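Trainee: I'd like to ask you about the structure that follows.
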């Protein structure tokens, strides 16, 4: 019983981390798309980062909406979470391996917050997915 | 002499090991062909066409035929080229994951649903990049790219639908 409560608590914390990260990402991408202080290396780099930011903001908003709607209506969440987790990891690899040289907003506090919480988010979303899969399999 | 007998008993024979491993799911390697023959004709066709398209894409990539049609050729941005390389690698990892799912005959629909959404992300962002990078009047690259990506997505959608039909029929039986 004690272990179950602890697992439930960890799951809730992990879900909270995911929600916090999603909110930070939406705020950051809105900033990238609108701010004048954002300084890309070149005009084409600016277009690239804006294109990817636009797509990602839509992915985060859509993913969050679909997840919240399915959770509220009591539908299966495991596949939705699995897809979102895979996409989140792929976007992380893209950013880490390729786009590090394109985006120049790391000085902003919001960007720092996103960079700091990103590993925690990836761990949390992976944990939530595995846990959800386990719960729905049982 | 007695000691020799005990040694002989403690070492299982090859037949015994085979018999033990046969019932273990991890070692129950069903071949891709066996799984495909359990599926509908349409599922097999979709899979075969998907493999042909993938092979053509690899040949196009390594021969350099695809390079002039990529966004990096128009934007002259290293990040575009590296992004394509990374996605190319992820694409092949996804094909490998799909083949493994088919080989083990487990979670095929889940696997392809995941691959479908990742591919859709690549398709949308890739198309957007081409639209933004292409010079005015250049539509061939965009059309070719969109057709290839859409065909891949449609094939995967076909595989998911066929697998869902198969699973539903299996459940009814």
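A short reminder: the numbers here are calculations on the coordinates, not readings from a lab. None of these values were measured; they are calculated from a predicted model. Cβ placement follows ideal geometry from the backbone for every residue including glycine, while neighbour counts extend to all protein chains displayed.
Trainee: Over what distance in Å are the Cα centres of region A:48-102 and region B:39-62 separated?
Mentor: Going from one Cα centre to the other spans 28 Å.
Trainee: Using r as the Cβ-Cβ distance of residue A:72 and residue A:33, and R0 as 25 Å, what FRET efficiency do you calculate, to the nearest 0.05?
Mentor: Efficiency, rounded to the nearest 0.05: 0.30.
Trainee: What 222 nm value per residue comes from the helices of the protein assembly as shown, counting each DSSP H run with n ≥ 4 as -39,500 (n - 2.57) and dividing by all residues, nearest 500 deg cm²/dmol?
Mentor: Helix-only estimate at 222 nm: -28000 deg cm²/dmol.
Trainee: Can you give the log10 of the normalised intensity I(q)/I(0) at q = 0.28 Å⁻¹, computed with Debye over equal Cα scatterers of region B:85-162?
Mentor: Log10 I(q)/I(0), no solvent term: -1.34.
Trainee: Now, a different point. Using a Gaussian network model of chain B with C-alpha springs under 10 Å, which one of B:17, B:115, B:152 is most mobile by mean-square fluctuation?
Mentor: Most flexible of the set in this elastic network: B:17.
Trainee: So how far, in whole Å, is the C-alpha centre of region B:142-173 from the one of region B:67-99?
Mentor: Between the Cα centre of region B:142-173 and that of region B:67-99, the gap is 22 Å.
Trainee: Over region A:58-99, consider all pairs of different Cα atoms and compute the Kirkwood hydrodynamic radius from their mean reciprocal separation; express it in Å, one decimal.
Mentor: Radius from the Kirkwood sum: 11.1 Å.
Trainee: Please order A:116, A:125, B:49 by the number of other Cβ within 10 Å, starting at the fewest.
Mentor: Lowest to highest Cβ neighbour count: A:116, B:49, A:125.
Trainee: Here's a follow-up. Beyond 24 Å, what share of the Cα-Cα pairs of the protein assembly as shown is found? Please give it as a whole percent.
Mentor: Of all Cα-Cα distances in the protein assembly as shown, 63 percent exceed 24 Å.
Trainee: While we're on this one: Return one number: the angle in degrees, 0 to 90 and rounded to the nearest 10, between the long axis of the Cα atoms of helix B:108-133 and the longest principal axis of the Cα atoms of chain B.
Mentor: 20 degrees
Trainee: What whole-number volume per residue, in cubic angstrom, does the convex hull of the C-alpha atoms of region B:29-172 give?
Mentor: Residue-normalised Cα hull volume stands at 105 Å³.
Trainee: For the Cα atoms of chain B, what angle does the longest principal axis make with the long axis of helix B:140-172, in degrees from 0 to 90, nearest 10?
Mentor: Compared with the principal axis, the helix lies near 30 degrees.
Trainee: Pop a pseudo-label 7 angstrom from the Cα along the beta-carbon direction at both residue B:169 and residue B:56 and give the gap in nm to one decimal.
Mentor: In this crude spin-label approximation the distance works out to 2.8 nm.
Trainee: With Rg and the Kirkwood Rh both taken from Cα atoms, where does Rg over Rh land for region A:2-137?
Mentor: On the Cα set of region A:2-137, Rg over Rh gives 1.02.
Trainee: Average partner chain C-beta neighbours within 10 Å, per residue of A:83-89?
Mentor: 4
Trainee: Does a label point 7 Å from the Cα of residue B:99, set along Cα-to-beta-carbon, have any residues of region B:40-59 with amide nitrogen under 16 Å, and which are they?
Mentor: B:47-59
Trainee: Helix B:78-104 versus the longest principal axis of chain B: what is the Cα-based angle in degrees, 0 to 90, to the nearest 10?
Mentor: That works out to roughly 30 degrees.
Trainee: Gaussian network model of chain B, Cα springs within a sub-10 Å range: biggest mean-square fluctuation belongs to which of B:109, B:136, B:78?
Mentor: Maximum fluctuation in the GNM of chain B, among the listed residues, is at B:136.
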